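Notes for the one structure printed next.
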Amino acid sequence: MTALLFAGDVFCDLVFAGVTAPEQGAEVYADAFTVTPGGVANRAVAAARAGAPTKLLSRLGDDVLGQHVYATLTAEPLLDTSLLTVVPGHQSSVSVALTGPEDRSFITYEEHLDALTVPEDLGPVAATHVGIAAPLPAWVAELRATGTTVVGGVGWDHTGAWSGGVLDRLAEVDVFVPNHVEAMRYTRTDTALDAAKALAERVPLAVVTCGGDGVVAVDSANGTVVTAPTVRVDVVDPTGAGDVFVASFMAGAHHG
């Protein structure tokens, strides 16, 4: 069985670490720099490295950044990239990340393509991760009807609206994993625990990450509340931390 499917946009991330955004007209220097796959690739690579059979469904352009990301991802020994395709003439999505120990900022360029479709011969999928900020594609419900666990996520709402309509889509997923800021803003609550409880009224399992304070989860079936601390490490770069958490969470279910 294909254990996990990650479908969505792959970005080329240009990461400047150890720096904050400069004031207008100023220049700042970073402590470190890397070019790396981002977006849905963060979750797919993390799940594969955690030992779960993993497929990545996405598209890249044939530009120089897209070629670099494609080569990097296809070199991942445990990641199935047979559904990662190259679109001639398309500019791959790019994000510049400025990251420090406490915060990060992004500048992104993206050219949109038609919606992704899942091949009919995909086979059984144990779990998949989807963004719920926009309406879910039809294939998500089709997979869920065959027994696939659907894990939902969101990103930062740059509009500042934090629309309750997003939460209406929780009826279409089995697990929801936002961070505490996202969870509190969508639920109009003041604590991560209150947010998780509010979300659990809409979804079977709500898991809210809290940065350095760990994680809190609420199982709506029995009202069970579980908290866990972080694993303490020296902070270098928080970019993709939430992606790695949800991928490891899903891989953990694969390992029992």
**Report entry** Among the candidates VAL35, VAL40, residue that is open to solvent by 40 Å² or more (accessible area, probe 1.4 Å) and either modelled with pLDDT under 95 or not basic (Lys, Arg) (or both)
**Finding:** VAL35
Query raised in the report: Restricting to segment 198-235, what's the tally of residues that are in contact with a strand residue (DSSP E or B) (Cβ under 7 Å, 6 or more places away or on another chain) and either touching a residue at least 40 places away in the same chain (Cβ under 8 Å) or closer than 20 Å to ALA50 by Cα (or both)?
Result: 6
Query raised in the report: Within segment 123-136, can you find the residues that are surrounded by fewer than 16 Cβ atoms within 10 Å (Cβ to Cβ) and either touching a residue at least 40 places away in the same chain (Cβ under 8 Å) or of a type in the set (S, T, N, Q) (or both)?
Result: GLY123, PRO124
Query raised in the report: With respect to GLY252, is the statement that it is farther than 23 Å from GLY100 by Cβ, within 18 Å of the chain's Cα centre (by Cα) and modelled with pLDDT under 95 true?
Result: yes
Report task. Report the residue count in segment 204-248 for those that are assigned to a loop (DSSP other than H, G, I, E, B), under 13 Å from the mean Cα position of the chain (by Cα) and of a type in the set (Gly, Ala, Ser). Result -> 1
Query raised in the report: Quick one: ALA115 ticks every box in (1) under 18 Å from LEU56 (Cα atoms); (2) in a strand (DSSP E or B); (3) of a type in the set (Gly, Ala, Ser) bar one, so which box is it?
Result: (2)
Report task. Return the pairs, sorted by first residue and then second, in which the second residue is open to solvent by less than 20 Å² (accessible area, probe 1.4 Å) and in a strand (DSSP E or B), the first residue lies in segment 79-108 and is free of Cβ contacts under 8 Å to residues at least 12 places away in the same chain and of a type outside the set (Gly, Ala, Ser), the beta carbons are less than 8 Å apart, and the residues are 6+ apart or on different chains. Result -> PHE106/SER95; PHE106/ALA97
Report summary line: Checking ALA251, ALA195 in turn, the sole residue that is crowded, with 19+ Cβ neighbours inside 10 Å, in a helix (DSSP H, G or I) and free of Cβ contacts under 8 Å to residues at least 24 places away in the same chain turns out to be ALA195
Query raised in the report: If you go through segment 158-187 one residue at a time, how many are in contact (Cβ under 8 Å) with a residue 24 or more places away in the chain and on the phi > 0 side of the Ramachandran plot?
Result: 1
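The values are calculated or read from the model by the stated rules, or taken from the named source; none is laboratory data. Everything quoted here is computed from the prediction, not taken from an experiment. Neighbour counts are summed over all protein chains in view; Cβ atoms, including those assigned to glycine, are modelled from backbone coordinates with ideal geometry. Just the protein is used for accessible areas: all its heavy atoms, side chains included, with ligands, DNA and RNA removed. Shrake-Rupley method; radii C 1.70, N 1.55, O 1.52, S 1.80 Å.
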